[in-house]
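Report on the structure given below.
The values are calculated or read from the model by the stated rules, or taken from the named source; none is laboratory data. In this text, all values refer to a predicted model and were calculated from it rather than measured experimentally. FYI the Cβ positions are ideal-geometry reconstructions off the backbone, even for glycines, and counts take in every protein chain you see.
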Amino acid sequence: MPSRNSKYYSLLLIFADVLTLVAAFVLAYIVRVQLDHRPLLEDVYAQEYLVSFILITPIWIGIFAALGLYSAGVYNRRLVEWSKILIGVFIGILLVIGCEYAIGTRLFPARLVALYAFGITAVMVTLVREFLRLMRSALFRYGVGVRRVLIVGNSAATTDIAATLSDTKKSGYEIVAIAGPKGVIPRHITQPIHYRSLTKALDDVTKLRISTIIQTDLYDSEERNQQIMACAQVHHIQYNFIPGEPEFYTGKNTIDIFLGYPIITVSQTPLIGWGAIVKNVFDFILGIIALILLSPLFITLIVLQKIFNPGPIFYKSARLTQFSKPIKLYKFRSMRPEFGKKDAAEEFAEMGRPDLVKEYKKHHKVEHDPRVTKFGHFLRVTSLDELPQLLNVIQGELSLVGPRPILPQEVKFNKTRTALLHSVKSGVTGLWQVSGRSNLSFEERIELELYYARNWSFWLDIKILLKTIAVVFRRKGAK
């Protein structure tokens, strides 16, 4: 929801980054050249050095912009902003080094200047942005730059938006009034004026000094929708329409013009186009590296499997991945050889265990599975049984991160959501593994995986991979 204030703040960030970059490189030069008396690779005078980096700075700002560091979706999320600053600074340093080779002129008087510049720039840009964030919050707290909002709607989205914007010092918005059923007003918000009548709310726009109208639901009457838009136009205030249905703001949306009308194309997931290509390349390369590094462990487990769990080494499980495509999922076999060939409920029934049949049908898993061997239990609690899935990754059947590949018989548990769940490639690990794993119910797991499919980003994949390592070492939630 871009506003004039957010645009001004973005311009302020650009200006601050320019000054910070120049200051950081000057400081790096001073530390190595003037304070460190060791010999230099080449004499680069301060004036030449400074001019070179002033000329490179616009390109560096372009790198920051490409990473989204001037968009509210990034600078309002501290951890995301920090990670992208680090990446942007690293790419910028590589750019400078590349320029040295391209033009045949040394820009750094010593190699340590590049290292100093990297560290100082990353720290200074982060600190300056934190200072600006604190200043902006302080101004919001005193009402400076705050936009006064009228929210119009009657859905759950109305409540969510009101709750999010209610923290003025973070959002920069003050909810002055809400027009709609009283039930949409979050319980912790007591200040907004509640209007049951839309007409009355629009009549009071000037009196309430409203500067933004947010509408979350379209009325059946075209006249009423036009009334809201006309009010915003007449009073020269900002108007935002946010669809109440989550399908309109999850996945990837593009806006174009078709026959003179604005057309919104809604994709099931943002994981399309170049994003899908980059993810596939990343999976293949990292899968190869992981398999090479873990090959000693892989061989050791094969030997132990032969000793403590006689029979086939691997278990090939029929699963469904992207677009409900059937695949054979590789795992180290954890059950006795005679099991795992039918649906679990059928095998429990044949074992004369109706209690386990009931437990499996309710939770789609059992707490103590009698089909699992002692060594198989060890493989499961350490998650080592899933190591062979790297072969599926290298073959392009799985991704490192994605929804859990489901069993064909699990489709019947939630047919309406299987299609969206399979809009992306299934993964070895995913949100469900780092959010409770086996402690989650089937419905909770589906919700997490749907969130992943709708909100994929490369940074989300990295975070899940790092959290997976921590979860595996803690042996939390595995069964």
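Some observations on this one:
- Within the stretch 97-141, considering residues that are surrounded by 17 or more Cβ atoms within 10 Å (Cβ to Cβ), among the small types (Gly, Ala, Ser) and more than 30 Å from the chain's Cα centre (by Cα), the one modelled with the lowest pLDDT: 110
- Among the residues listed as 357, 366, the single one being in contact with a helix residue (DSSP H, G or I) (Cβ under 6 Å, 6 or more places away or on another chain) and surrounded by fewer than 20 Cβ atoms within 10 Å (Cβ to Cβ): 357
- Considering residues of the stretch 66-77 that are in a helix (DSSP H, G or I) and in contact (Cβ under 8 Å) with a residue 40 or more places away in the chain only, the residue nearest to residue 127 (Cα to Cα): 75
- Qualifying residue in the stretch 186-209 (condition: of a type in the set (Gly, Ala, Ser) and at positive phi): no
- Highlighted here are the helices (runs of 4 or more DSSP H) found entirely within the stretch 367-479 that include at least 2 residues which are at pLDDT below 85 and among the β-branched types (Val, Ile, Thr): 415-421, 458-474.
- Residue in the stretch 195-206 that is touching an Asp or Glu at 6+ places or on another chain (Cβ under 7 Å), of a type in the set (Val, Ile, Thr), surrounded by 14 or more Cβ atoms within 10 Å (Cβ to Cβ) and touching a residue at least 40 places away in the same chain (Cβ under 8 Å) present: no
- Residue that is surrounded by the most Cβ atoms within 10 Å (Cβ to Cβ), among those in the stretch 142-164 that are free of Cβ contacts under 8 Å to residues at least 40 places away in the same chain and in a helix (DSSP H, G or I): 162
- Meets criteria (in a loop (DSSP other than H, G, I, E, B), modelled with pLDDT under 85 and either among the small types (Gly, Ala, Ser) or surrounded by 14 or more Cβ atoms within 10 Å (Cβ to Cβ) (or both)) for residue 340: yes
Here is a yes/no grid of residues against (1) over 27 Å from residue 133 (Cβ atoms); (2) at pLDDT 85 or above; (3) of a type in the set (Gly, Ala, Ser); (4) part of a helix (DSSP H, G or I):
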{"position": "170", "(1), (2), (3), (4)": "no, no, no, yes"}
{"position": "176", "(1), (2), (3), (4)": "no, yes, no, no"}
{"position": "186", "(1), (2), (3), (4)": "no, no, no, no"}
{"position": "191", "(1), (2), (3), (4)": "no, no, no, no"}
{"position": "205", "(1), (2), (3), (4)": "yes, yes, no, no"}
{"position": "208", "(1), (2), (3), (4)": "yes, yes, no, no"}
{"position": "219", "(1), (2), (3), (4)": "yes, no, no, no"}
{"position": "228", "(1), (2), (3), (4)": "yes, yes, no, yes"}
{"position": "239", "(1), (2), (3), (4)": "yes, yes, no, no"}
